[in-house]
Amino acid sequence: MATVEYVHVDKEYPNGSRAIEDFNLLVEDGEMMVLVGPSGCGKSTALRLLAGLDPVSHGELRIDGIRVNESSPQLRNIAMVFQNYALYPHMTVRRNLEFPLRMMKLPKAERVRRIEETAGMLGISELLERRPRQLSGGQRQRVAMGRALVRHPRVFLMDEPLSNLDMKLRTRIRSEIASLQKRLGVTTIYVTHDQVEAMTLGDRIAVLKEGKLQQCGRPQELYDQPANTFVATFLGNPGMNIFRAWSDKVTATLKLAGGGWQIPLEPLLRRKPILAQYVEHPLLAGLRPEAFSPRPTPVAKVLIESVESLGHERLVHFVPLGETPAAERETLVARLPGPQVEKVGQSIELGFDSGQLHLFTIDGKTIG
Amino acid sequence: MKRRLIIPFTYLCLLLCALLFISPIGLLLAGSLKPDDLVLVESGSWRALWPASASLDNYRDVFSRVDFTHYLLNSLFINGMILGLGLLLNSIAGYAFARLSWRGRGLLFNLVLAVMIIPLEAIAVPLFYIVSLLGWRDTYLVQILPFIANAFSIYLFYTYFIGMPRELEEAAHIDGAGVVRTYFTIILPNAKPVFASVAILTFLTQWGAFLWPLLVTSGESVRPLPLAIATFHGLPPLRWGDLFAFGVMMVLPILSLFLLFQRLFVRGVAATGIKG
């Protein structure tokens, strides 16, 4: 068990490209931290730096407050589960689990005890004499976790460990990982590009984009109070709708989506006094798909573009019919309960809960 | 109808091709089992491939006329050393080029690729001059040392290693294995196909080596089989049956090596992209 710190960490490649830039993060003892972001955002690089597979260009990596930049992977006592599991193909499951213990020069009796203990915990005892090619995807995943856990590491790293599994198995193993991590209390850093995995697994989530940390916090916190439009659109499926807004001093209203919706400015200013700085400035507004509803005010006429029916709910893609020319209208999506009742091309009235309205500066930073 | 005819026709063509390629070996084997006087007499007919009165007399003759075992041991020793040391050295070099990062790697690798196109015949004379200066003539060393490092073998190993998942090595490093241990315990056991391919290709090239041993050896004590068969050919009386028996015994080691590693060889060829 240990704390992990990234202090102003940079990773620069010889060609000058930067995978990680001024990365700061503190992972608490026993915490499950999920690094999430799109491909190429630097999340796997952050993991590889900590594992000691790549050297840090600038900054400091600390485990339990001690600098580990120069330590070998083994000395850091970190275990890692790779995306493709990286099981040694020529060794049986038992030998795979035993390999790190041999490297630690543990006596045979201790090696056997640990292998049996780990195999029992992960339910792979009956697979010990098989080779990796004789295992299913889920079994390989478990063995890879076993090889990592058998060392009793201080920090457990997982690099998209579920991405090679089918949806059903992924859901099952996801909950197994969560309960195992809680049971063992090992500090874990988990990398994924899947926001559902991030939301369900993480004690905290760190969202990355182009090598920079965008926001770090509890899943619900990030969902409810995103720091910028990137985090807002990345978390949630579908992500938050982002569209143009304009606060009009004369009418004392906030005009949304080309004037399709208009809400009084006063209550918003009371809630977010800083908004006063942005009056008469172009803004970005954000609404989660579930914030829409046919009933609450303000109501605007919208044109249905398409409807995805999911049985218990439906995703309605629509354009608000404001003063904006048709070519500039933004398509938004609403999550409405119940089966489909709308028709494509139909114009309906749709409102939203103004308490759920997010406002961002034109360059995407949250206001208030 | 057309399709029905094409398939048997294709098989017939393939069969004829196979016979064409096998016939010299068949001729060699049949000739080695025939009485010496029949070898040339029957060579123009189908009987050339059929030993009617087969015996091992020619093989016994070979052993009584020359010290075949001595030459065979010479060849096995020289080729065994080239093979063993070559596999170790070239595979390590291939791994270093494919996986380790070090200054000058790109330049040196390009040099290795350039060396591949230089034939031995082109450098035989300067090489002969060097080994003469070193006083290595008429030794085993002179027949082994120049052939251990091989650019083509390094290239084959490089091609194979570059295609192996990097995560295997990274997992081993995290588990606590250094570069050397990772190479011997993780990489090497997973690279059997390329080792088999390189072994067979090296053995094929070196087993029949004639020019270099002829240049650097003068005494019989360190000479390999290809020189021995040439000497045997000139040894009166000329007996074709004996010569054929000598040939069969010379082919056997390489044939058994190929049969032993055939499956791995094919996999290695597929993995490294070698084409014949």
(request) Provide the per residue accessible area, probe 1.4 Å, for chain A, rounded to a whole number of square angstrom. (result) 44
(message) Looking at region A:146-297 only, what percent of DSSP beta bridges run antiparallel? Nearest 5 please.
(response) 80
(message) If the only charges are +1 at each Lys and Arg Cβ and -1 at each Asp and Glu Cβ, what is the size of the charge dipole of region A:41-136 around the Cα centre, to the nearest 20 debye?
(response) 260
(message) If I take every Cα pair under 8 Å that is 6 or more residues apart in chain A, average their sequence separation and divide by the length, what percent do I get for the relative contact order?
(response) 15
(request) On a 0 to 90° scale, report how tilted helix B:105-115 is relative to the longest principal axis of chain B, with both axes built from alpha carbons and the result rounded to the nearest 10. (result) 20
(request) Please give the average number of partner chain Cβ atoms lying within 10 Å of the Cβ of each residue in B:154-167, rounded to a whole number. (result) 1
(request) Give me the percent of DSSP beta bridges within the protein assembly as shown that run antiparallel, rounded to the nearest 5. (result) 75
(message) Report the Cα-based extents of the protein assembly as shown along its three principal axes, largest first, to the nearest Å.
(response) 121, 73, 53
(request) Nearest 5 is fine: what % of DSSP beta bridges in chain A come out antiparallel, could you say? (result) 75
(request) Note the angle between two axes, namely the Cα long axis of helix A:93-103 and the longest principal axis of the Cα atoms of chain A, as a number of degrees from 0 to 90, rounded to the nearest 10. (result) 80
(message) Taking R0 as 25 Å, what FRET efficiency do you get between residue A:69 and residue A:106 from their Cβ-Cβ distance, rounded to the nearest 0.05?
(response) 0.35
(request) Output the direction-averaged projected area (hull surface divided by four) of the convex hull of the alpha-carbon atoms of region A:1-155, in nm². (result) 10.2
(request) Please state the charge dipole magnitude for the protein assembly as shown, taken about the Cα centre, from unit charges on C-beta atoms (+1 on K and R, -1 on D and E), reported in debye and rounded to the nearest 20. (result) 1020
(message) Restricting to DSSP H runs of at least four residues, report the calculated mean residue ellipticity at 222 nm for chain A, -39500 (n - 2.57) per run over all residues, nearest 500 deg cm²/dmol.
(response) -7500 deg cm²/dmol
(request) Averaged over every viewing direction, what's the projected area of the C-alpha convex hull for chain A? Give it in nm², one decimal, please. (result) 22.3
(message) Residues of region A:226-257 with the amide nitrogen closer than 13 Å to a label point 7 Å from the Cα of residue A:269, along Cα-to-Cβ, please.
(response) A:247-254
(request) Would you give the gap between the C-alpha center of region B:100-166 and the C-alpha center of region B:231-268, rounded to a whole Å? (result) 27
(request) Output the peptides B:21-29, A:23-31, A:221-229 sorted from most to least packed, where packing is the average of other Cβ atoms within 10 Å over each peptide's residues. (result) A:221-229, A:23-31, B:21-29
(request) Could you give the spread of the C-alpha atoms of region A:298-368 along their three principal axes, from largest to smallest, in whole angstroms? (result) 37, 29, 20
(request) Show me B:74-80, A:248-254 ranked by packing, highest mean number of other Cβ atoms within 10 Å first. (result) B:74-80, A:248-254
(request) Based solely on C-alpha atoms, express the radius of gyration and the Dmax of region B:7-55 in angstrom. (result) 13.2, 43
(request) Could you work out the mean count of beta carbons from other protein chains within 10 Å of each residue's beta carbon in A:148-156? (result) 1
(message) Can you compute the helix-only [θ] at 222 nm over chain B? Use -39500 (n - 2.57) per DSSP H run of at least 4 residues, normalise by all residues, nearest 500 deg cm²/dmol.
(response) -23000 deg cm²/dmol
(request) May I ask you to evaluate 6.51 cos²θ - 1.76 cosθ + 1.60, the Karplus curve with θ = phi - 60°, for each residue of region A:229-245 and list the ³J(HN,Hα) values in order in whole Hz, giving x for glycine and proline? (result) 5, 5, 4, 4, 7, 6, 8, x, 9, x, x, 5, 6, 10, 8, 6, 9
(message) Tell me the carbon and sulfur percent of the accessible area for chain B, rounded to whole percent, probe radius 1.4 Å.
(response) 72
(message) How many angstrom lie between the Cα centre of region B:1-32 and the Cα centre of region A:78-110?
(response) 51
(request) Nearest 100 Å² is fine: how much accessible area is buried between A and B, summed over both sides, with a 1.4 Å probe? (result) 1500
(message) Probe radius 1.4 Å, ligands and nucleic acids left out: which of B:175, A:54 has the largest accessible area, and how do the rest follow?
(response) A:54, B:175
(request) Largest first and in whole Å, give the semi-axes of region B:62-273's equivalent ellipsoid, each being the square root of 5 times a Cα gyration tensor eigenvalue. (result) 37, 21, 14
(message) If you roll a 1.4 angstrom probe over the protein chains with everything in place, what fraction of the accessible area of region A:261-368 belongs to carbon and sulfur, to the nearest %?
(response) 55
(message) Can you give the FRET efficiency to the nearest 0.05 for residue B:52 and residue A:176, using r as the Cβ-Cβ distance and R₀ = 56 Å?
(response) 0.15
(request) Enumerate the calculated ³J(HN,Hα) couplings along region A:300-316 in order (Karplus 6.51 cos²θ - 1.76 cosθ + 1.60, θ = phi - 60°), each rounded to whole Hz, writing x wherever the residue is Gly or Pro. (result) 9, 7, 10, 9, 6, 9, 6, 9, 9, 8, 10, x, 7, 8, 9, 9, 9
(request) Enumerate the whole-percent occupancy of each 10 Å bin, from 0 to the last occupied one, for all C-alpha pair distances of region B:20-142. (result) 10, 20, 24, 21, 17, 7, 1
(message) Could you check the spin-label model distance between residue A:28 and residue A:299? Points 7 Å from the Cα along Cα→Cβ, value in nm.
(response) 4.6
(message) What is the distance in Å between the Cα centroid of region A:34-51 and that of region A:241-296?
(response) 36
(message) Give the average, rounded to an integer, of partner chain Cβ atoms located within 10 angstrom of each Cβ in A:343-354.
(response) 0
(message) About the Cα centre, and with charges only on the beta carbon of Lys, Arg (+1) and Asp, Glu (-1), how big is the dipole of region B:55-130? Nearest 20 debye, please.
(response) 500
(message) Suppose all protein chains stay in the model; what accessible area per residue would a 1.4 Å probe give for chain B, in Å²?
(response) 57
(request) Rounded to the nearest 0.05, what FRET efficiency do residue B:141 and residue A:136 give with R0 = 60 Å and r taken as the Cβ-Cβ distance? Could you check? (result) 0.65
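The values are calculated or read from the model by the stated rules, or taken from the named source; none is laboratory data. All of these numbers come straight from a predicted model, not from anything done at the bench. Heads up, the Cβs are rebuilt from the backbone with ideal geometry, glycines too, and the neighbour counts pull from every protein chain shown. These area figures cover heavy atoms from the full protein model, side chains too; ligands, DNA and RNA do not enter into them. Shrake-Rupley method; radii C 1.70, N 1.55, O 1.52, S 1.80 Å.
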